[in-house]
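Beneath this line is the structure, given in structure tokens, with notes to follow.
Nothing in this text is a laboratory measurement; each read-out follows from the coordinates by a stated rule. These numbers come from a predicted model, not from an experiment. Here Cβ is always computed from backbone atoms with ideal geometry, including for glycine, and neighbour counts include all displayed protein chains.
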Amino acid sequence: MLLSELAPAPDDQMGITLARLATGSTRVAVAGNQSARDGVVWSDDDEGVVLSGHTHFVIGGMDADTVLVIATSDKGRLVATVDATDNGVERTAMTTLDLTRPMASVTFDGVRPTEWVPVEGTGAVDRATAAMWTVLAAEQVGSARACLDMSVVYAKTRKQFGRPIGSFQAIKHRLVDMSIAVELAEAAVLDAANAAVDRDEASMFTAVSIARVLASRAASFAAEESIQVHGGIGFTWEHVLHHYFRRAKSVEMLFGSMDSHLDYIAEAVLEQA
């Protein structure tokens, strides 16, 4: 989304990168500021722009052909594309909770980007970030729904004391609570997706933050409860549930904390009061 909004023409470098990304002939990783310890800055000289700094938790950073960098300076913000094999780019694989989503720490040491575009204000980057949050929330809802479905099937087939465990009140309550959490999160994500096209930016960001919070809670809750419903088998490495649990916890902390979203929601509610 960010590339499509910033590419001035199909035949410039960003336009070419976007076309290659669309056809699957190139892999692009996004390097933005994810925490207080991150930071990619840019400066300029007679030869052009220079990037320095580092960023963590770059999804697919080790396998990327191109890195899309969001860099800042006292002159403003810019978005640049960098050849991932450049001598000034150092990529280090990170050990994370979710083993199914490889991430990297990327350091830029005097790197000259292949193309860059100054960003006026924060609109384009913020809109792309909101879209990314919405996609992550949708993934979380899908994960939560999968955990619920697995639990329902298991509760119908697993027997204890001659009866399916789904007939026990304690299991019924867990499944109902999971279902409510998933339905709420799903509705919030659909609302956030609609907000991107039919509401102003402030209302859109509020809807996206609500979706992010409810989806994060639903994914973690569903994974935890599903493990409990499955009992001993749910704790084993052989069962897929530990992947869902790890993904739920890692995505919850990815690209901004839940506290920041809750703060934004609270501010929006107070402004409307």
### Query
Once fully extended, how much extra length lies between ALA19 and GLN228, figured as 0.36 nm per residue of separation less the alpha-carbon to alpha-carbon distance?
70.6 nm
### Query
Quick one: helix 258-272 against the long Cα principal axis of the chain, what's the angle to the nearest 10°, folded into 0 to 90?
90
### Message
Which residue fluctuates most in the GNM of the chain (Cα springs below 10 Å): SER105, SER209, SER220?
### Response
SER105
#### Entry: the range 121-145 residues near the modelled ALA196 label - backbone nitrogen below 12 Å, point 7 Å along Cα→Cβ
127-139
### Query
With θ set to phi - 60° and the Karplus curve 6.51 cos²θ - 1.76 cosθ + 1.60, what are the ³J(HN,Hα) couplings of the range 131-139 in order, to the nearest whole Hz, using x for Gly and Pro?
5, 5, 4, 5, 5, 5, 5, 5, 4
### Cut-off of 10 Å, at most 10 other beta carbons, DSSP loop: longest stretch of the chain lacking such trypsin sites (Lys or Arg not before Pro)
76-273
### Query
Suppose R0 equals 25 Å; then what is the FRET efficiency for ALA266 and LEU97 from their Cβ-Cβ distance, rounded to the nearest 0.05?
0.35
### Query
If the cut-off is 22 Å between C-alpha atoms, which lysines fall inside it for LYS172, apart from same-chain ones fewer than 8 positions away?
LYS156, LYS159
### Task
Sort out for me the Cα centre separation of the range 100-133 from the range 155-213, rounded to whole Å.
31
### Query
Calculated from the structure, Rg/Rh (Cα atoms, Kirkwood Rh) equals which of [x] 1.25; [y] 0.98; [z] 1.05?
[z]
### Message
For the chain, take the longest principal axis of its alpha carbons; what is the angle in degrees between that and the long axis of helix 241-252, to the nearest 10 within 0 to 90?
### Response
50
#### Entry: Cross-link partners of LYS249 among aspartates and glutamates (Cα-Cα below 16 Å; sequence separation of 8 or more within a chain)
ASP98, GLU139, GLU224, GLU225, ASP259
### Query
Order of 132-139, 256-263 by packing, highest average Cβ count within 10 Å first?
132-139, 256-263
